[in-house]
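The values are calculated or read from the model by the stated rules, or taken from the named source; none is laboratory data. Note that the coordinates shown come from a computational prediction; the quantities given were computed from them, not determined experimentally. Cβ placement follows ideal geometry from the backbone for every residue including glycine, while neighbour counts extend to all protein chains displayed. These area figures cover heavy atoms from the full protein model, side chains too; ligands, DNA and RNA do not enter into them. Shrake-Rupley method; radii C 1.70, N 1.55, O 1.52, S 1.80 Å.
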Amino acid sequence: MTKSIFISLPVADLAASTAFYKALGFTPNPQMSDETAACMAWSDSIQVALLSHAKWRTFTQRPFPPAGSAGHMLSLSMETREAVDAMSLAAAASGGQADANPPEDHGNMYSRDIADPDGHLWGVFWMNPA
């Protein structure tokens, strides 16, 4: 098996979260989805498993983080600055939050952080390869 990453996230509303990630450009993976989980592919090697709270509890009994807190931020690289802006707009239009942190523009790197409907943070960025 090729090395890949599966990110598991607990979500309160599976249908709303699935729609949110579709709006950002993730592709549903029906082979790894059911009524308790939706697997969403970012690429062949990066998958996000959206898990109902009941399904999440089959993996761990650790407490959910308090609302408004952040235990991690995942980041996605984009091909252009415009793609970063487009994802931020899609997040806001699909039940998430655009600019969960202030945007950063360092000339050769541009980023905008978004939050999904459950508050999971994603850093969306573009870097100049030169």
**Report entry** DSSP-loop chymotrypsin sites (Phe, Trp or Tyr not before Pro) across the stretch 39-98, with at most 13 other Cβ within 10 angstrom
**Finding:** 59
Query raised in the report: Once the piece of chain linking residue 54 and residue 7 is laid out straight, how much longer is it, given 0.36 nm per residue of separation minus the C-alpha distance between them?
Result: 15.2 nm
Query raised in the report: Counting only heavy atoms of protein chains, what accessible area per residue, in Å², does the chain have with a probe of 1.4 Å?
Result: 59
Query raised in the report: Looking only at trypsin sites (Lys or Arg not before Pro) in DSSP loops with at most 13 other Cβ atoms within 10 Å, what is the longest site-free stretch of the chain?
Result: 58-130
**Report entry** Cα long-axis angle, helix 81-93 against the chain (0 to 90 degrees, to the nearest 10)
**Finding:** 40
Requested in this report: Considering only protein heavy atoms, with the full assembly of protein chains and a 1.4 angstrom probe, order 58, 27, 80 by accessible area, largest first.
Outcome: 58, 27, 80
**Report entry** Options (i) 42, 30, 30; (ii) 43, 36, 33; (iii) 44, 36, 25 - which one matches Cα extents along the principal axes in Å as calculated here
**Finding:** (iii)
Requested in this report: Treat each spin label as a single point 7 Å out from the Cα along the C-beta direction, and report the residue 29 to residue 75 distance in nm.
Outcome: 2.3
Query raised in the report: Based on the Cβ-Cβ distance of residue 104 and residue 22, what FRET efficiency does E = 1/(1 + (r/R0)^6) give at R0 = 25 Å, to the nearest 0.05?
Result: 0.40
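So what is the calculated 222 nm ellipticity per residue for the chain, using -39500 (n - 2.57) for each DSSP H run with n of 4 or more, over all residues, to the nearest 500 deg cm²/dmol?
Helix contribution divided over all residues of the chain: -6000 deg cm²/dmol.
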**Report entry** Accessible-area composition of the chain, carbon plus sulfur, in percent [1.4 Å probe]
**Finding:** 56
**Report entry** In the stretch 1-108, GluC sites (Glu not before Pro) in a DSSP loop with at most 13 other beta-carbon atoms within 10 Å
**Finding:** 35, 79
Query raised in the report: To the nearest 10 degrees, how steep is helix 14-23 against the longest Cα principal axis of the chain, on a 0 to 90 scale?
Result: 20
